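Asks: The structure is given below, and queries will be raised subsequently.
The values are calculated or read from the model by the stated rules, or taken from the named source; none is laboratory data. Model, not experiment: these values are computed from the prediction. Glycine also receives a Cβ, built like all others from the backbone with ideal geometry; neighbour counts cover every protein chain displayed. Just so you know, the surface numbers come from the protein's heavy atoms only, side chains and all, with ligands and any DNA or RNA stripped out. Shrake-Rupley method; radii C 1.70, N 1.55, O 1.52, S 1.80 Å.
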Amino acid sequence: MKKILLILVCICGCLTIKAQELPTHWTPDIYTYPNTMTITSYVVIDGVEQLDTDIEVGLFVGDECRAAIRATHYSAFEHEYIWYLYPHGETGHVMTMRVWNHSTDSEMIVTSDPASITFITDGSMGSTQNPQLLSFTSASLPYTYVGKGQWDEPGNWRNPDGSTPTAMPDLANKDVEINGIAVIDEGVVAEVNNMTINANCSVKIGSKGILTVKGKLTDTDVSQLILHDGGQIFQNNENVKATFRKSIVNPEDWNGKQKDGWQFISSPIVGAAVEDFIPENGGYDLYIWDNDNVMEDDDETEVPWVNYKQHFDDEYYEDYFATYFAENTGYLASYENQNRADFIGELNVSTEFEIELNYSKYRSWNLFLLGNTFTFDIEWDDIEKTTSVSDGFVSLNPETGVFEYHSSGTIKAGQGYVVNATKNNKPKPTLTYSKDAKGRGAMSKNINVIVSNSKGSDNVILGFNGSENDGFPKLTNFNDGIATIFTVSDNKMYGIASYDENVKEIPLCFDAKEIATYTISMKTGGDFDYIHLIDRMTGEDTDILLESEYKFNALDSDNVNRFIVRLSNGDEINGNDNFAYQSGNQLYINEIGTIQIIDMTGRVVINETLSGNAVDISNLRNAAYIVRLVSENGVKTQKIVVL
């Protein structure tokens, strides 16, 4: 028995001596503090018990090492690898733990449990049979951007271990640290967990670039995060300093009546001061739209625009502009020569809105200039609209000074857009948006009719939602030299009009503005079997689905009631009563409108707008004809025989 015990003692002694012979990275101070305590432990890192001698555990008070040891192997015990720590110190000293990995010859960045151990002279923790657990969790070391240039260039990055990646790492769930100047340009979608932008460093999101930070985004200055016009940021935390850089198109002439260089803007930055919009040099204009502030411009046309300049000169307008750009609000802006506007403050973290439109039947209009003040784009189709809000929205083309009508589409971050309230029904005209919800969608079917020439283009939307309702008024373009196309109902011009789905023909008005060659094209939403464009002046019938466009010449003096969009090749719309009858060489009509007389070959032989109630048919030979009347009440046809 004594022999067996002697052998065990010798074995244990040999193992202990062998463990002590393993070199350690840290050297403890055993002379300053002669008092010791004993800690017998086993080690778990990231949930895995360590079963080798490569792991060294050190105990520290500040930067002073008080103990360091590598494991001793005991195969006979439940925990085969034991760390015997004999720290030196004085009672009450608080010791923290560090870990060195000899297989990689590097310190592991970890957090420990317990977080610290308090020294007790001659104290003891654990035993070989029941050792103290020392648990460590690896800290998430960030990937570091150190370059100056493109985000997706691997050479601009460093791995957590300091090496340079050979390919762009997947950062979707990784923490990143910016120690350079990173540019997220067109087509680049950057996604990270947490992001820290260090001093004198920056991230710039260019047009069509996207940055998503799923965790926390940290910076300290507005110059460190720059969102350019057309870029997007998705992030969740407040107090993120940033600059939104809006591109501004300048007009050809700065004369107080600019035809171009106008843009709808809004601010995705909270706390962006309106006065900061004033440029350092050159002229500027900044307007808000107020339906109740009806003024007359130089042409004695009523307009509801209020210029920021007015609040300096007239106490009446002092309250029209707040100190900061308002949420969900759009503005009309122009610079004489400065090509950008910087909005400075903190990123807007909102992801939803509910906007109730203040409709009044006593106004000339109920238009509202709103703004996308999110840091990301939104889709019109994802906005929930009550039925008293017109289908579609209007944007402004700064290059041409023309309003553009949309049945669906993207509203960019920092872009303004116009909506129209048609009634004050219950529920009141309201728009609601949430990033995680979807709206009622676009018009079920629609036709976007576009007319263009070398100077620009204009459009009108024809929608088919099952019934006729109020449309979107046609707005007067800033550029009055661009030809316009529109529909008319009850003597009102519309840029978006809604029709019953069974309508067969739609009169289309065109105002040429100048002598030129024009092109009409159409883009369809939904399925159409038949779309023909009828030119009432020339009699030409163009199958739009087959030929895609129609070219024609026009004078500024031409009758605006020039075109018909025909949606069926079946019978014409016929009234219950005859509206035309012949008496001698005159064909009398009982309604006012445009008359076409078509022979049996389909040729238009007479095309004129009635100035009275009769049409001269003395030049027609005796034969059968189709008479088509286009008026505000629709299109009627009647067969006649000229005798």
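Asks: Less than 10 Å Cβ to Cβ from Tyr42, Lys/Arg counted +1 and Asp/Glu -1: what total charge do the surrounding residues give? It would help to have the intermediate numbers written out before the result.
Replies: On the way: positive: none; negative: Glu49, Glu78, Glu80.
Overall, the nearby charge balance is -3.
Asks: Could you compute the longest span of the chain free of trypsin sites (Lys or Arg not before Pro) located in DSSP loops and having at most 13 other Cβ atoms within 10 Å, not counting the site residues?
Replies: Numbers: sites that count: Lys257, Lys361, Lys435, Lys438, Arg440, Arg603, Arg621.
That gives 1-256 as the longest site-free run.
Asks: Keeping all protein chains in place, calculate the accessible area per residue for the chain (probe 1.4 angstrom), answer in Å². Walk me through the numbers before you get to the answer.
Replies: Working: 31550 Å² over 643 residues.
With all protein chains present, the chain gives 49 Å² per residue.
Asks: Could you please state how large a percent of the accessible area of the chain is carbon and sulfur, counting protein chains only and using a 1.4 Å probe?
Replies: 46 percent
Asks: Within the chain, which is the longest segment containing none of the chymotrypsin sites (Phe, Trp or Tyr not before Pro) that sit in a DSSP loop and have at most 12 other Cβ atoms within 10 Å?
Replies: Values: sites that count: Tyr31, Tyr362.
Longest stretch, sites excluded: 32-361.
Asks: Among the lysines, which have Cα under 26 Å from the Cα of Lys208 when same-chain residues fewer than 8 positions away are ignored?
Replies: Lys208 reaches Lys148, Lys174, Lys216, Lys241, Lys246, Lys412, Lys435, Lys438, Lys523.
Asks: A follow-up question, please. From the phi of every residue in the stretch 554-565, what ³J(HN,Hα) in whole Hz does the Karplus formula 6.51 cos²θ - 1.76 cosθ + 1.60 yield, where θ is phi - 60° and glycine or proline is x?
Replies: Computed from phi, the couplings for the stretch 554-565 are 8, 10, 5, 9, 5, 5, 6, 7, 9, 10, 10, 9 Hz.
Asks: GluC sites (Glu not before Pro), restricted to the stretch 52-99: which are DSSP loop and have at most 10 other Cβ atoms within 10 Å? Please list the in-between numbers first.
Replies: Working: sites: Glu56, Glu64, Glu78, Glu80, Glu90; in loops: Glu78, Glu80, Glu90.
Those that pass, being in a loop and sparsely packed, are Glu78.
Asks: Using each residue's phi in the stretch 242-256, evaluate 6.51 cos²θ - 1.76 cosθ + 1.60 at θ = phi - 60° and report the 3J(HN,Hα) Karplus result to the nearest Hz, with x for Gly and Pro.
Replies: Ordered by residue, 3J(HN,Hα) equals 6, 10, 9, 9, 8, 6, 10, 8, 8, x, 5, 10, 10, 10, x Hz.
Asks: Search the structure for amide H atoms under 5 Å from the amide H of Thr484, placed 1.01 Å from N in the peptide plane, and list their residues when 5 or more places away or on another chain.
Replies: For Thr484, the qualifying residues are Asp511.
Asks: For n ≥ 4 DSSP H runs only, could you compute -39500 (n - 2.57) per run for the chain, divide by its residues and tell me the 222 nm figure to the nearest 500? Display every interim value, and only then the final one.
Replies: Numbers: 3 runs with 28 residues, N = 643.
Estimated from H runs of four or more residues: -1000 deg cm²/dmol.
Asks: For Phe472, list long-range residues whose amide hydrogen, built 1.01 Å from N in the peptide plane, is under 5 Å from its own amide hydrogen.
Replies: For Phe472, the qualifying residues are Gly495, Ile496, Ala497.
Asks: Also, quick follow-up: Under the definition of Cα pairs under 8 Å and six or more residues apart, what whole-number percent is the relative contact order of the chain?
Replies: Values: 1629 pairs, mean separation 43.3, N = 643.
In percent, rounded to a whole number, it is 7.
Asks: Shifting gears a bit: In a shell of Cβ-Cβ distance under 13 Å around Lys551, excluding Lys551 itself, what net charge do Lys and Arg (+1) and Asp and Glu (-1) give? Provide the component values of the computation, followed by the final result.
Replies: Numbers: positive: none; negative: Asp535, Glu540, Glu547, Glu549.
Counting the neighbours of Lys551, the net charge comes to -4.
Asks: Please give me the summed charge of the neighbours of Val57: other residues whose Cβ is under 9 Å from its Cβ, Lys and Arg +1, Asp and Glu -1. Intermediate results must be reported in sequence, preceding the final value.
Replies: Working: positive: Arg70, Arg98; negative: Glu56.
Net of charged neighbours comes to +1.
Asks: Residue by residue through the stretch 370-383, what is 3J(HN,Hα) from phi via Karplus (6.51 cos²θ - 1.76 cosθ + 1.60, θ = phi - 60°)? Round to whole Hz and write x for glycine and proline.
Replies: Coupling constants for the stretch 370-383: 9, x, 7, 9, 6, 8, 9, 6, 10, 9, 4, 5, 8, 8 Hz.
Asks: Also, I was wondering about something else. What is the set of long-range amide H partners of Leu396 at a cut-off below 5 Å, with H atoms built 1.01 Å from backbone N?
Replies: Sorted by chain and number, the residues that satisfy this are Phe264, Glu404.
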